[in-house]
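The numbers here are math on the coordinates, done by the rules we state, and not lab data. All values reported here derive from a predicted model rather than from experimental measurement. Methodologically, a virtual Cβ is constructed for each residue, glycine included, from the backbone with ideal geometry; neighbour enumeration extends over all protein chains shown.
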Amino acid sequence: MKWKKYLYTLLVAASLSSAPATLVVNAASATVDTTSSKADKILTYSVPQDYKGLTVTIQVEKEGKYEAKVLNNGNTFACVQTDDKTLSCTASDIKRGTLEVQITNKDGSGSVPQVTATMKMASSTTSNSTDNISVGQDITDFKLYFIDNKLVGEWADTGVGNINAQVIDLNTSETIANVTASDENKFEVEIPTSTAQVIVNVVPSASSKVDGAAKTFTLDVPQSAQATVEFENITSTNKGVATVNTTFSDVYAVKAFCNDALVFSEDYKQPGSYTFEVPLSEEGENDIVFYVVDQSGNMYSTKKTLTLDTSGPLMTFDSNYDKITVGTTQYTISGKIEDCKDFSINGNPIAVSTDGSFSYDISLHEGANEFELLANDEAGNESTYTFTITYDENANKVNPLKVISMLAVVVGVGAYFYNKKKKAKASAEEVEEKSGIEFNDDDTVEEKSSAKSEKNLLTKLTSKEKKTSTPAKIEEKNGFNLKNIKKEHIKFACVMATIIYIFGIAMSFSPITSGSMEPTLMTGDLAVYNKFAYVARDIQRGDIVSFKLDGDRTIYSKRVIAIAGDTVEFQNGYVYVNGSKIDETAYLDASVETNCNKTFEVPAKCCFVLGDNREDSKDSRYFDNPYVSYKNVINRLMFTIPTHHIFG
């Protein structure tokens with residue numbers, strides 16, 4: 001394993017160039033250098049076949065003191081510096097495989113500038129024939145590694161230009177890809193999952209036509225990391241981090257990217273179990289890629305999309321339910337909720353429709369009833385709403401005597417002023433008529449008594465004016481006096497008392513507190529019921545009745561759908577009675593569906609009822625005993641007073 005890493009390091013550090021130098025042949029025999037020192041620059045290339053001899057000339061860009069040697073098949077050949085920029089050597093018995101040229105700066109600077117090497121070899125098969133092989137421009141910090149099933153090549157030198165790379169499947173000899181890379185000094189090649197080893201030939205474009213200029217790497221394709229990586233099994237969070245649990249069977253480093261930005265990294269860790277927290281970048285969706293990196297630089301990814309959500313579910317209600325008093329043991333709360341996973345009231349779950357709406361019937365006991373609505377979302381955020389509803393059986397009850405008395409007062413006062421105005425007008429007309437007759441009589445007297453003096457005429461005219469200006473006295477004589485007022489009010493009171501008695505006996509008044517009969521009965525309206533409706537007639541289909549259930553003090557209002565002896569079925573959202581679909585268009589919208597998977601046989605002296613608000617009604621479909629006994633029917637609806645419009 002260590003020798004592979006060493007060889008890989010040497011190969012990665014290699015570089016190539018196509019710029020030829022002047023050939024200088026050193027006639028001296030090659031010598032073997034057994035010393036070992038760390039070179040400042042290493043040039044490596046492949047030898048395609050065996051050669052008898054080798055001459056190499058090394059041209060350095062900058063003047064200085066250098067030392068160079070050539071290594072092949074375990075032999076080391078020393079080079080001689082012939083001038084300030086040139087070194088050369090001669091080697092023999094070159095074997096097929098890898099050849100290295102190592103150059104060291106002897107000035108102490110520890111660096112070697114750009115190098116060009118030209119080699120001339122004598123072939124072993126053809127006497128005196130030669131092959132020209134050039135090692136050219138250096139590729140600084142070149143490295144190869146895998147990211148999952150992709151082979152990645154990277155280098156730091158921006159001046160090397162384009163890089164040509166050929167990737168070959170070692171087992172099949174088939175070319176996987178030919179790539180030319182320049183942007184970002186990087187190339188990537190998708191490796192088939194069936195490929196176990198690859199050969200990678202890499203050469204700068206400028207040297208691509210020079211025989212032997214390509215650098216060749218043989219790499220094992222890693223199949224998987226010796227590690228397990230698991231994200232927390234959630235889709236959203238309010239914590240601001242993603243928790244990652246890992247177990248390493250080898251040495252690995254880690255890197256994490258969130259929305260394409262590096263947000264977390266850890267250096268190499270020994271085998272063991274570790275938990276990491278990856279920061280999330282922003283509210284909303286975060287795309288996370290978590291890498292484990294082996295010591296060869298290969299990277300293995302695990303991906304996760306996680307939503308950062310720090311806001312609790314939003315609850316809206318159709319009414320303010322806190323600190324209200326009601327007169328029924330059953331009350332309905334309703335509204336909408338957004339982004340909710342779990343929703344409950346006092347620990348009891350509440351069903352939420354796909355559009356976020358909800359409706360829930362709560363039971364009340366005498367006095368104050370406290371409730372807490374609790375909503376949680378996927379991220380763990382929580383929203384609460386607490387309210388208190390007081391039950392008072394006398395609350396919201398409308399006293400019919402008060403209603404009728406108020407009507408009687410309004411009618412009585414109006415009748416009084418109307419009658420007073422009418423009689424005052426009649427009295428005024430009567431006075432005017434009488435005054436006109438007296439005036440005419442006096443005028444006649446004046447004509448017949450032409451001999452009387454002017455003084456008498458003036459006296460009569462004055463008397464006439466007095467007679468025509470006294471309607472108040474006539475009104476006092478003919479209008480309302482105390483005796484007349486008492487008499488008329490006594491009569492009116494008797495009539496109103498009779499009306500009150502009839503209304504109080506025959507009718508009942510009840511406020512509508514549930515939406516189960518909407519839109520026929522609107523919450524907040526006043527319902528007027530006929531107590532004697534079923535004295536002379538039987539209950540009929542379509543009647544809206546109020547009733548109680550056995551063992552339940554709640555008064556319900558529902559529509560009679562079927563009576564004794566009927567069969568009720570539900571098909572495709574419609575109600576069928578005795579095999580026929582009933583027409584409900586008079587009180588239901590055509591889009592309303594009535595869903596139930598049961599069939600009901602209505603027994604004797606019972607009826608089957610439904611609420612007009614089919615999706616939000618507790619009725620015969622859900623009662624423990626679905627049939628309402630006739631004896632529990634209290635009365636029938638006559639009409640409603642739209643007080644929700646009058647009083648808002």
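Can you order the peptides 98-107, 352-361 by their average number of other Cβ atoms within 10 Å per residue, highest first?
98-107, 352-361
Between THR243 and VAL535, what's the calculated FRET efficiency when r is the beta-carbon distance and R0 is 45 Å? Round to 0.05. Don't jump to the answer; show the numbers that get you there.
Numbers: r = 73 Å, r/R0 = 1.63.
Taking R0 as 45 Å, the efficiency between THR243 and VAL535 is 0.05.
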Hey, can you rank 267-275, 518-526, 573-581 by average C-beta count inside 10 Å, highest first? 518-526, 573-581, 267-275
With labels modelled as points extended 7 Å from the Cα through the Cβ direction, what inter-label distance (nm, one decimal) is found for LYS422 paired with ASP260? 9.0
Relative to the present Cα-Cα distance, how much length would full extension add between SER296 and ALA497 at 0.36 nm per residue of separation? 61.9 nm
Just report the Cα centroid separation between region 577-645 and region 512-560, whole Å. 10
